[in-house]
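Notes for the one structure printed next.
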Amino acid sequence: MTAGVNALPSDVKAMVIRRVAIFSEFTADNDPHEEHDFGNFELAGRKFFFRLDYFDANMEFGSEDPADPAKTTRALTIMLAEEY
């Protein structure tokens, strides 16, 4: 999580993490490639974004095959919209 999210009260952070974990509001408009790697929502009067990035095993470059867990390290970032 970004510094802005980390600075939120612990109960709000817990709700944000839970919301990301159960997020299922992917549509053709917000997920045109059906990758489920980006989402946004509002909570506690704030707008949040989350995204998944797919790195190679050493986390130096993008993964050559994001679908292959042996070749990919996934990183989830949760941020306030204004931090994007």
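We did not get these values from a lab; they are worked out from the coordinates using the rules stated. Just so you know, these numbers come straight off a predicted model, no measurement behind them. Positions of Cβ are backbone-derived with ideal geometry, glycine not excepted, and every protein chain shown enters the neighbour counts.
Amide H contacts for residue 47 (H built 1.01 Å from N in the peptide plane; partners 5 or more residues away or on another chain; cut-off under 5 Å): 81.
Quick one: net charge of residue 71's neighbours, Cβ under 10 Å, K/R +1, D/E -1?
Working: positive: none; negative: 56, 64, 65, 68.
Combined, the nearby Lys, Arg, Asp and Glu give -4.
Per residue, the average separation of C-alpha pairs within less than 8 Å and at least 6 apart gives the chain a relative contact order of 29 percent.
In debye, nearest 20: dipole of the chain around its Cα centre with unit charges on the Cβ of K, R (+) and D, E (-)? Don't skip to the end; give the middle numbers.
Numbers: 8 positive and 16 negative charges, 114 e Å.
Here the chain has a charge dipole of around 540 debye.
Sites listed here are GluC sites (Glu not before Pro) in the range 51-84 whose DSSP assignment is loop and whose Cβ has at most 12 other Cβ atoms within 10 Å: 60, 64.
Couplings 3J(HN,Hα) for the range 71-79, derived from phi with the Karplus relation 6.51 cos²θ - 1.76 cosθ + 1.60 (θ = phi - 60°), are 10, 9, 10, 8, 10, 9, 10, 10, 9 Hz, where x marks Gly and Pro.
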